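Each value in this text was obtained by applying a stated rule to the coordinates, not by laboratory testing. Only a predicted model underlies this, so the values are computations on that prediction, with no experimental measurement involved. Cβ placement follows ideal geometry from the backbone for every residue including glycine, while neighbour counts extend to all protein chains displayed.
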Amino acid sequence: MLRMDVCDNAALQQVNQFWSMLDDMSQNSPEEYRTFIERQLREGSELYSPPQPHACIRTNTLGPKEGILYINVCGWKRVPAMTSHSDPVPVCGGRLESVTDEKERYTVVDVAFNPEILQTTEKDKQEREKIHQLALKFIQQQHSLNLSQHYKLNQDIIKGSIKDLKNRLMSPRKSKSAANKPQSEPAPSLLQQISSLRLAESKEDSSIQLSMEQENKPARSGLIEVISSKESDQSQPQQPQHQLTICPDSTGSAKSLELNVELPGVQSVSQCQLSISQDDILLEVEAIYYLHLWFPMAVKEETCTATFHKKKRTLTVTVTVL
């Protein structure tokens, strides 16, 4: 994954200071160093633990096509916990999958919350109802669906298999044939968790060029979205006008993707935060814009470049296809 934040040259100095601190700790305080590393490994293990099924909701899709939809609600430590009750509830979703079995044809999708949030709803029926409504609202927004607000809890806590649930959430672009192949996911080092950004400004075309360095973290199932459960919240960011174009090479095959986003009201690139993985891209301008897109094909995130045109108030992102 690549993370882009506007920062100054002090970021690199902070990274060097961090590693110097670890070197000094390993030499002067071996026990403290060992405790620190064990804590990092433990937290990393929790972060990359798989999702666990919690409940299954059955509802109907009213558009664009009518049908039956099952939503697997699960707990996942990768999803952030709430810091206060006034904050929006963090939620993460996977891809839709159509299934036909002997009994019915249906669509299934998975929604993940932090396990602590689900634990607090177990003894409170009203809070549990809010979580289920939030799951419905999230799926409507994530997949542009019109869902019936009437639902019922399935007797089983999961529709389908746990293996399929994990594949949809953790590897959304993976086919079932590929999902059968065992894969190992190396734990990221501390250095790999630190991304850097260099900012250069071009005076000729009054645009700002951003270059990004790869963070070498394992590909994610998707970028975490945060939405509010308050129906009356009027401060929700809006989805900006955008266009995603496939740029072919001389043979007609897809070579790169180009995303153009209109950002009226944005005065500076410092307001923008951009994250990208092999599968998706997330653009946020705090309190103004929010855009999360799945790529139609996997990309090489290390090739991503972005240009913010100050006069046009547009952001252009290009990335090479795998």
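Structure above, values below:
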| item | result |
| --- | --- |
| 12 Å beta-carbon shell around Ile68, net charge (K/R +1, D/E -1) | +3 |
| Stretchable slack from Asp101 to Met21, in nm (0.36 nm times residue separation minus alpha-carbon distance) | 23.0 nm |
| Cleavage-rule hits, trypsin sites (Lys or Arg not before Pro), segment 62-115, DSSP coil, Cβ neighbours within 10 Å at most 10 | Lys65, Lys103 |
| Karplus 3J(HN,Hα) series, Hz, for segment 122-138 with 6.51 cos²θ - 1.76 cosθ + 1.60 (x for Gly, Pro) | 4, 9, 10, 4, 5, 5, 5, 5, 5, 5, 5, 5, 5, 4, 4, 4, 5 |
| Glu127/Ser250 FRET efficiency (R0 56 Å; Cβ-Cβ; nearest 0.05) | 0.45 |
| Principal axes of segment 52-172: Cα extent on each, largest first, Å | 43, 28, 26 |
| DSSP-loop GluC sites (Glu not before Pro) across segment 61-150, with at most 14 other Cβ within 10 angstrom | Glu66, Glu102, Glu104, Glu122 |
| Contour excess over end-to-end distance, with Cα ends at His150 and Glu38 and 0.36 nm allotted per residue | 35.6 nm |
| Cα gyration tensor category, rounded, prolate or oblate, for segment 241-322 with a/c compared to 1.5 | prolate |
